[in-house]
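Okay, structure first, notes after.
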Amino acid sequence: METTNDNLIDKQLYISMQQGNKKAFDTLFIKYYAMLCAFARSFVSLEDAEEVVQDTMLQIWENRKTNHIDSSVHHYLFKAVKNKCYTLMTRNSLRFQIENILTPDIQELFEDPDFYIIEELTQKEEELSKVIKEKMMIIPNFIDKSVPIGKDDSQNVEIEKFGEPIVPNYEIPYHADICEKLSGLDKASAGRTSGNGFYYLTGNIARLHSAMLSYARDFMINKGFTYCIPPFMIRGDVVDGVMSFKEMDEMMYKIENEDLYLIGTSEHSMIGRFKGQIIKEEQLPLTLTSYSPCFRKEVGSHGIEERGLYRVHQFEKQEMIVICKLEESMDWYNKMWQFTVEFFRSLDVPVRTLECCSGDLADLKVKSCDVEAWSPRQKKYFEVGSCSTLGDAQARRLSIRAKGENGNYLVATLNNTVLATPRGLIAVLENNYQKDGSIKIPKALQQYMGGLEVIK
């Protein structure tokens, strides 16, 4: 029997086929060929049945741009095959014989395609559909032609620098030491309560952390984005829709005995909000900015830079999400990373942008760039944000469409980090560290700190 999920997958394949995707057509052909032949065999000979099915599928491919399916793809295919069989039977003077011999009840039974899907065939179809879906879910997206080719992040390409990277004539301590000296960090207690990769922020350091998030929220609202607080847990089918299986295994924490995962970034639940939805074209683009805590496994061993606050299992983030027409996605991509650059420059942090090469792109990404902040202590840049366009990959997996004058179409999805703490906090601490050990509070943050100008 056809399920709602099967119908949804079939619809997605058919839409993709209409757009000229031969692989989508091949997938539908493989899925239904045996079932359609078994169905046709009840009307005509085996040889004729195979020819009928092949002709039907060929016509569907050739007429893909003009054919519109109102019912399910499943029943459309069986009906089309039945009609072709009837045409052939008429030519052979068999149709009327059958209709006169069979009782109405039996005739109705024979016309039900599900009647011919025997238990064994159904089981094989289900197994094959599962395999096909799994294969399709691991196929990477097409990258943009402008993406540089490289094996990994070591071959990413610098685009542009913003602000002068200054190294002061005095030593800048390790960021964790700065925080501890100002009574703002307690990792030892967090180790006892939660283990490695967690921390307590206290006092004015905690206040600075919250001030940065509040400023990031208002910064994006002033750019015209709608502020959102999403669910912090999402179901497995949403996870499958927004990221690759490899990313999921490396990043996500699963809730035991529940079909729920802790989010690694609010992008996941924000995009999942539109799963199975049809957005009115006049509502596009959707420009959203979301706050959330984020939870990540961060598997692997790391050096001193990662043992502080740089690589942790729990952090907070202000994100920006855009859902738009596919042809507008690159314009929004360039706007979005520029917002992050502007944000950090307003905090007196020099930054640069880095074009991600092909080997550093996650499977669903079309194009991506990192925003890196200057570390005067390390005398180099480090990542504080990432901007990506995923084309229609997430929309296809989650069936997110827009309704226009010429029908429904898949949308493009984009995401970008405004601020991820505590990495952003590290950048502000190092670039505003004074010789006497105090922290100069950037002017943009002072109103969120009760007018405080310096942390001593």
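Quick note: the coordinates plus some simple rules give every number you see, no bench work behind them. All of these numbers come straight from a predicted model, not from anything done at the bench. Don't worry about glycine lacking a Cβ; one is built from the backbone with ideal geometry, like all the others, and counts go over all protein chains shown.
Quick notes on this structure:
- Highest to lowest packing among 436-443, 79-86, scored as the average C-beta count within 10 Å: 79-86, 436-443
- Grouping the Cα pair distances of the chain into 10 Å bins from zero gives a pair-distance distribution of 4, 17, 24, 20, 13, 9, 6, 4, 2, 0, 0 percent in increasing distance order.
- Estimated from the Cβ-Cβ distance and a Förster radius of 41 angstrom, the FRET efficiency linking S146 and Y86 is about 0.15.
- Efficiency of FRET between A362 and I278 - r from beta-carbon atoms, R0 22 angstrom, step 0.05: 0.25
- Sum of -39500 (n - 2.57) over DSSP H runs of 4+, divided by residues of the chain (222 nm, nearest 500): -13000 deg cm²/dmol
- Modelled label reach - E158, point 7 Å along Cα→Cβ, the stretch 332-369 residues with backbone N closer than 11 Å: 352-354
- Relative to the globular-protein estimate of 2.2 N^0.38 Å, the Cα radius of gyration of the stretch 231-383 stands at 1.14.
- Solvent-free Debye scattering, log10 I(q)/I(0), computed from the Cα coordinates of the stretch 352-456 at q = 0.22 Å⁻¹: -1.14
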